[in-house]
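Worksheet: the structure to be examined is printed underneath.
The values are calculated or read from the model by the stated rules, or taken from the named source; none is laboratory data. Only a predicted model underlies this, so the values are computations on that prediction, with no experimental measurement involved. Using ideal geometry, Cβ is built from the backbone for each residue, glycine included, and neighbour counts are taken over all protein chains shown. The area values use the complete protein model at the heavy-atom level, side chains included, leaving out ligands, DNA and RNA. Shrake-Rupley method; radii C 1.70, N 1.55, O 1.52, S 1.80 Å.
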Amino acid sequence: MSATSATWTIRDMPPQKGRRVLITGATGGLGYETALALAQAGADVLLTGRNPAKGQQALARIRAYCPAATIRYADLDLADLGAVTAFADCLGNEQEGLDLLVNNAGVMTPPVRHETRDGFELQFGTNYLGHFALTGRLLPLLRRGKAPRIVNLSSGAHRLLADIHFDDLQWRTSYKPWRAYAQSKLAMILFAFELQRRSNAFGWGLLSNAAHPGYAVTDLQTSGPRLGRSRPHPMAWLTRLMQPLMSQSAAKGALPTLFAATAPEARPSGYYGPQDMFELKGPVGDARVGDKARDPALAARLWTISEKLTGVIWPNHQPSFV
């Protein structure tokens, strides 16, 4: 861990004046805090989400903090590949380039299996495949951006429970909420690293990295476990019990993302997160990367399958390590 990142706060963030930014899942939690900080730093920020009312509320809150902010909201449902394509086409017609894409949106551990509109398991489809498709659709805009960066949100769960279950990617045989979540977050960090390999090989000019928030207090820990239930899930009780000791605010949880997105010292294929309490909270630094996340053959296999599942075929998509 570098001394610079160990003490890094939003006060260390370089000016973002004129930088064109897109953040998924930005109407609350980590995405909202990321959007607020970037807007305050001068970026031109596009918030996306699935709920227009929450989108307008987020805009109003940011404008109250920062009246001069350049921000807007657009609907984007990552659980619908048709909506992803329509969104990317519309954005491509509206603006010339994109300088920063923060792939933040996600769902966490629904107790029963749900599917996206396209028939994917909800966590794999939303957390990963939707972002894979979105990033691919936006590649022309990113390539025209100024020093473009892509930040993928992962999780410490990618090291503990995760594998890519190629025999049952959609968890149709035996759905396990935490393992499905961990698979989606392993997929996100594999995607970040493989995107950098391919950018290097094919001259896309991207800086791709990843971050995780530790245990940041948002509605992610309870909204997912409530899906399909008429009563509160035990996870809500456990969350309240653990928070005082092990958690940090959403604003602090957003710091690793902001570091990855803006810091000059953030590296291609870097991975950043909090440093204390087993990376649950604390100052920003280099986060631990699981062995599977470092496997280029696993990343290339996942990439090829993801192209088939999403229908998004990237240019020059031969695995870069061959």
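Whenever you get a sec, compute what percent of the accessible area on segment 1-97 sits on carbon and sulfur atoms (1.4 Å probe). Can you show the working numbers first?
Numbers: 2300 of 4550 Å².
About 51 percent, which is the carbon plus sulfur part of the accessible surface.
Computed over the Cα atoms of the chain, pair by distinct pair, the Kirkwood hydrodynamic radius stands at 19.5 angstrom.
Relative contact order (percent) for the chain, with alpha-carbon contacts under 8 angstrom and 6 or more residues of separation?
On the way: 656 pairs, mean separation 60.6, N = 322.
That works out to 19 percent.
For Pro296, neighbours were defined as the other residues whose beta-carbon sits under 9 Å from its Cβ, and their charges (Lys and Arg +1, Asp and Glu -1) total 0.
Helical content alone sets the calculated 222 nm signal of the chain at -12500 deg cm²/dmol, taking -39,500 (n - 2.57) per DSSP H segment of four or more residues and averaging over every residue.
Rolled with a 1.4 Å probe across the full set of protein chains, the surface gives Arg294 an accessible area near 140 Å².
If you average the sequence gap of Cα pairs under 8 Å that are 6 or more apart and divide by the length of segment 64-138, what percent do you get for the contact order?
Working: 61 pairs, mean separation 29.8, N = 75.
Once normalised by length, the contact order is 40 percent.
For the chain, the number of Lys pairs with C-alpha atoms closer than 17 Å, counting only pairs eight or more positions apart or on separate chains, is 4.
Report, for the chain, the % of DSSP beta bridges that are antiparallel, rounded to 5.
Working: 5 of 30 bridges.
Roughly 15 percent of the DSSP beta bridges within the chain come out antiparallel.
Residues whose amide H comes within less than 5 Å of that of Arg50, counting only those at least five positions distant or on another chain, are Leu76 (H built at 1.01 Å from N in the peptide plane).
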